Amino acid sequence: MRIAVAGATGRIGRLTMAALEKAGHQPVPLSRAAGADAYTGIGLADALRGADAVIDVINNPSQDAAEIVDFFGTTTRNLLAAEEQAGARHHVLLSIVGLDHNGRAPHYTGKREQERLVAGGPVPWSIVRATQFHDFAGMVAGRAERDGTALIAPLLVQPIAQADVAAALAEVAAGVPLGTRIDIAGPETQDLVDMARRTYAARGQDIRLVPTWRGPFGPDMAGEILLPGEGAWLGTTTFDDWLAAGADDGR
Ligand SMILES: NC(=O)c1ccc[n+]([C@@H]2O[C@H](COP(=O)([O-])OP(=O)(O)OC[C@H]3O[C@@H](n4cnc5c(N)ncnc54)[C@H](OP(=O)(O)O)[C@@H]3O)[C@@H](O)[C@H]2O)c1
């Protein structure tokens, strides 16, 4: 199958391109570096010519809710319109487990808009909701760090390896559109504070961690809301495997 990857140059995108190739498909890169901009629409028709399916793993680092909703809304509308025009038969979106309950982080607001447009859009679809990646604790603590101290919420998560996410996306894209959301996760639950502590240790950094619900993640994200639902697809790479391999964030 000819499968376009929107966000092909990113962390998940690169691994998804490799997973598709390994499975014998013809992956087509779609990103600004590859000459197609999903926000302006420039180059989309060329990139999607002859595509059977599209996997959307585009990302944007904005922490502003209005900006991120505009970005995910516009890129999703543009992609779906170009896919319909090109005759693509399957749109696969990478989203996040527990999105319906997740509170105030702007990124989640943008992802909810993306899911709404895909589920109501003109192209048959599948939404793959992944849990946090193994580098998530290090990323969250890194953003909060000031003068050797980082505030971090004691979230209960079930982190997944980026390569396992890519393998699941490649498999779903090659199948029939599910018309629903599926959850994918790693093999074990973890506490985010402990993950951050062990990530810093593996990277040889000495940062003091202060558990709190007063940062970007509040008590509305406590309990099991970030865990996958019943029957989730589970990757095999553990958090310990990832630490032992060097705690690389994939950038
Ligand atoms: N981090 C987590 O724990 C987690 C958990 C679950 C789901 N996710 C989801 O995973 C997805 C991928 O994340 P990532 O870390 O792999 O992202 P990333 O490394 O930041 O890559 C982003 C990609 O988007 C492309 N892009 C940005 N703007 C574009 C535009 N206007 N047109 C076309 N392409 C554009 C970039 O390529 P160019 O710069 O070349 O355009 C790049 O290929 C995100 O949607 C995120 O919500 C993350």
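Just to confirm, what accessible area per residue do you get for the chain at 1.4 Å probe, in whole Å²?
On the way: 11290 Å² over 251 residues.
Here the residues of the chain average 45 Å² of exposed surface.
Among MET17, ASN60, GLY98, whose Cα projects farthest towards the positive end of the dipole of region 1-145, with charges put on the beta-carbon of Lys, Arg (+1) and Asp, Glu (-1)?
Checking the options against the dipole of region 1-145, the answer is MET17.
Suppose a student asked you for the relative contact order of region 67-139, using Cα pairs under 8 Å spaced at least 6 residues apart; what percent would you report?
Numbers: 81 pairs, mean separation 32.3, N = 73.
The value is 44 percent.
Which value in Å is the Kirkwood Rh of region 186-251 over different Cα pairs? List each step's numbers first, then the result.
On the way: mean 1/r = 0.0717 Å⁻¹.
Computed over Cα pairs of region 186-251, the Kirkwood hydrodynamic radius comes out at 13.9 Å.
Can you check what the net charge comes to around VAL123, using other residues whose Cβ is under 10 Å from the Cβ of VAL123 (Lys, Arg +1; Asp, Glu -1)?
On the way: positive: ARG89; negative: GLU83, GLU84.
Result for the neighbourhood of VAL123: -1.
How large is the dipole of the chain about the Cα centre if only Lys and Arg carry +1 and Asp and Glu carry -1, each at its Cβ, rounded to the nearest 20 debye? Please list the in-between numbers first.
Details: 22 positive and 30 negative charges, 69 e Å.
Using only the charged Cβ atoms, the result is roughly 340 debye.
Expressed in nm², what is the orientationally averaged projection area of the convex hull enclosing the Cα positions of region 20-111? Display every interim value, and only then the final one.
Values: hull surface 26.7 nm².
So the mean shadow area of the Cα hull is 6.7 nm².
When all alpha-carbon pairs of the chain are counted, what percent fall beyond 33 Å? Write down the numbers at each step before the final one.
Numbers: 5589 of 31375 pairs.
Within the chain, distances greater than 33 Å cover 18 percent of Cα pairs.
For region 176-251, which chymotrypsin sites (Phe, Trp or Tyr not before Pro) are in a loop by DSSP, counting at most 15 other Cβ atoms within 10 Å? Numbers along the way, then the final one.
Working: sites: TYR200, TRP213, PHE217, TRP233, PHE239, TRP242; in loops: TRP213, PHE217.
Filter output for region 176-251: TRP213.
Report ³J(HN,Hα) in whole Hz for each residue of region 241-251, in order, from the Karplus equation J = 6.51 cos²θ - 1.76 cosθ + 1.60 where θ = phi - 60°; Gly and Pro get x.
Working through the residues one at a time gives 4, 5, 4, 5, 7, x, 6, 7, 8, x, 7 Hz.
What is the calculated FRET efficiency for ALA222 to ALA119, with r their C-beta to C-beta distance and R₀ = 22 Å, to the nearest 0.05? Please list the in-between numbers first.
Values: r = 28 Å, r/R0 = 1.25.
It comes to 0.20.
Explain nothing, just compute: Karplus ³J(HN,Hα) = 6.51 cos²θ - 1.76 cosθ + 1.60, θ = phi - 60°, for every residue of region 57-73 in order, whole Hz, x for Gly and Pro.
10, 5, 9, 8, x, 4, 10, 9, 4, 5, 5, 6, 5, 4, 5, 5, x
On full extension of the chain, what length is gained from THR40 through TRP213, given 0.36 nm per residue of separation minus the C-alpha to C-alpha distance? Don't skip to the end; give the middle numbers.
Values: separation 173, 0.36 × 173 = 62.28 nm, distance 3.81 nm.
My answer for the length gained is 58.5 nm.
If you average the sequence gap of Cα pairs under 8 Å that are 6 or more apart and divide by the length of the chain, what percent do you get for the contact order?
On the way: 533 pairs, mean separation 50.4, N = 251.
Relative contact order, the chain: 20 percent.
May I ask you to order 141-151, 89-99, 160-170, 43-53 by the average number of other C-beta atoms within 10 Å around their residues, highest value first? Mind showing how you got there, number by number?
Details: 141-151: 15.0, 89-99: 21.9, 160-170: 23.7, 43-53: 18.5.
By packing density, highest mean first, the sequence is 160-170, 89-99, 43-53, 141-151.
Got a sec to turn the phi values of region 188-199 into Karplus ³J(HN,Hα) couplings, 6.51 cos²θ - 1.76 cosθ + 1.60 with θ = phi - 60°, whole Hz, x for Gly and Pro?
After applying 6.51 cos²θ - 1.76 cosθ + 1.60, I find 9, 7, 9, 9, 4, 5, 5, 4, 5, 4, 6, 5 Hz.
Report the antiparallel proportion of the DSSP beta bridges in the chain as a percent, rounded to a multiple of 5. If you can, show how the numbers build up before the last one.
Numbers: 3 of 33 bridges.
Beta bridges within the chain, antiparallel portion: roughly 10 percent.
Just want the answer: with Cβ charges of +1 for Lys and Arg and -1 for Asp and Glu, which residue in PRO159, LEU178, GLY7 is farthest toward the dipole's positive end in the chain?
Farthest towards the positive pole: GLY7.
Between GLU67 and ARG49, what is the label-to-label distance in nm when each label sits 7 Å out along the Cα-to-Cβ direction?
Label-label distance for GLU67 and ARG49, simple model: 3.5 nm.
In deg cm²/dmol, rounded to 500, what helix-only [θ] at 222 nm does the chain give when every DSSP H run of at least 4 residues adds -39500 (n - 2.57) and the total is split over its residues?
Numbers: 8 runs with 92 residues, N = 251.
Helices in the chain give a 222 nm mean residue ellipticity of -11000 deg cm²/dmol.
Amide H of VAL210: which non-local residues (sequence gap of 5 or more, or other chain) have their own amide H closer than 5 Å, using H built in the peptide plane?
ALA150, LEU151, ILE152
With a 1.4 Å probe and all protein chains left in place, how much of the accessible area of the chain comes from carbon and sulfur atoms, in whole percent?
On the way: 5780 of 11290 Å².
C and S atoms contribute 51 percent here.
For GLU84, put the label point 7 Å out on the Cα→Cβ axis and report which residues of region 34-54 keep their amide N under 20 Å from it.
Within reach of a label on GLU84, which here means backbone N under 20 Å from a point 7 Å along Cα→Cβ, region 34-54 contributes 37-54.
From the Cα trace of region 114-251, what convex hull volume per residue do you get, rounded to a whole Å³?
Given the Cα convex hull of region 114-251, per-residue volume reads 126 Å³.
The values are calculated or read from the model by the stated rules, or taken from the named source; none is laboratory data. These numbers were taken from a predicted model, which means no experiment stands behind them. Cβ atoms come from the backbone with ideal geometry, glycine included; neighbour counts cover every protein chain shown. Note: accessible area is taken over every heavy atom of the protein model, side chains too, but ligands, DNA and RNA are not part of it. Shrake-Rupley method; radii C 1.70, N 1.55, O 1.52, S 1.80 Å.
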